[in-house]
Amino acid sequence: MKSINEGYGRLHVDVGANEGDCIDYARHEPDTFVLAFEPVPKLCDKIRFKTTHLKNFKLVESAVSNFNGTSILNISPESQYGDYSCSSLLPFSDKSKTDWPGREDFKFIDNVNVDVIRLDKFISENNITKIDFLKIDTQGHDLKVLEGCGEFISIVHMGTMEAGTKSDILYEGQNTEDDSIRFLESNGFEIVSVDSNDVFRNEVNIVFKNRYPKVVSYNKIWSFN
């Protein structure tokens, strides 16, 4: 079985693609294959409309976590901050009402049942040998996405993820900055930068780089080179 990105030099994976900012990589970097995961049906419609002509782009209409199955996805409204951009598998916390003034989009208007997949399952089923860049923005679920990489986390060469600076700052049970950094460093990553993504520094973007990146080869049983 061929790798999903065979023939391309780089693989860019976007978990929580929203409206598809990652499409620009496919448009402007012909040697890059872009793999986008997005569970919100209306956002998937937008992405499909923009990418019908792109051979180096694949949309997977699924949520990503540390389990395989199904779950309820809570849908947030359209707003000035992005359409449905706060949709999450997690419920909003009480702090979302007290520590984020002026955010009227911190509510859910609907929910849908969605497929959920672990990345290690998708990686092995599609013979992915390496991930050059992994972007994660899953509204409080980012660390669970990394956990779902299993042993394949070593083929992630570089990436970025979102984290709360305090527990339950936006969603109940969301990953925190400290827990995320601890997990990354224990799995061989160095932290390149930590930057606030809001005026209150309630959430940050963590950029990380693998100290010893690997490439996996597939035989009857996969093994690392």
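The values are calculated or read from the model by the stated rules, or taken from the named source; none is laboratory data. Quantities reported herein were computed from a predicted structural model and do not represent experimental measurements. Please note: Cβ atoms are built from the backbone with ideal geometry, for glycine as well, and neighbour counts cover all protein chains shown. All accessible areas refer to the heavy atoms of the entire protein, side chains included, with ligands and DNA or RNA removed. Shrake-Rupley method; radii C 1.70, N 1.55, O 1.52, S 1.80 Å.
Observations
- Residues that are in a strand (DSSP E or B) and either among the polar types (S, T, N, Q) or touching a residue at least 24 places away in the same chain (Cβ under 8 Å) (or both), drawn from segment 193-203: Ser193, Ser196, Glu203
- Members of segment 116-128 found to be crowded, with 18+ Cβ neighbours inside 10 Å and of a type in the set (Ser, Thr, Tyr), listed by number: none
- Subset of segment 42-83 (residues that are hydrophobic (A, V, I, L, M, F, W, C) and in contact with a Pro (Cβ under 7 Å, 6 or more places away or on another chain)): Ala63, Leu73
- Within segment 21-36, residues that are open to solvent by 80 Å² or more (accessible area, probe 1.4 Å) reach partners that are modelled with pLDDT of 95 or more with beta carbons closer than 6 Å, at six or more positions or on different chains, in the pairs Tyr25/His12; Tyr25/Thr32; Tyr25/Val34; Asp31/Tyr8; Asp31/Gly9.
- The residue that is least open to solvent (accessible area, probe 1.4 Å), among those in segment 1-11 that are under 18 Å from Ile117 (Cβ atoms) and in contact with a strand residue (DSSP E or B) (Cβ under 6 Å, 6 or more places away or on another chain), is Leu11.
- Matching residues, segment 70-111, being part of a loop (DSSP other than H, G, I, E, B), surrounded by 16 or more Cβ atoms within 10 Å (Cβ to Cβ) and of a type in the set (Gly, Ala, Ser): Ser76, Ser85, Ser87, Ser93
- Hits in segment 129-165 - residues which are farther than 25 Å from Cys86 by Cα, open to solvent by 40 Å² or more (accessible area, probe 1.4 Å) and not in a loop (DSSP other than H, G, I, E, B): Glu151
- Whichever residue in segment 32-69 is in contact with a Lys or Arg (Cβ under 9 Å, 6 or more places away or on another chain) and assigned to a strand (DSSP E or B) and, among such residues, is nearest to Asp142 (Cα to Cα): Val64
- Phe67 vs. criteria of a type outside the set (A, V, I, L, M), at pLDDT 95 or above, surrounded by fewer than 21 Cβ atoms within 10 Å (Cβ to Cβ) and under 30 Å from Pro213 (Cα atoms): yes
- Sole exception among (1) touching a residue at least 40 places away in the same chain (Cβ under 8 Å); (2) under 16 Å from the mean Cα position of the chain (by Cα); (3) open to solvent by 10 Å² or more (accessible area, probe 1.4 Å) for Thr176, by number: (1)
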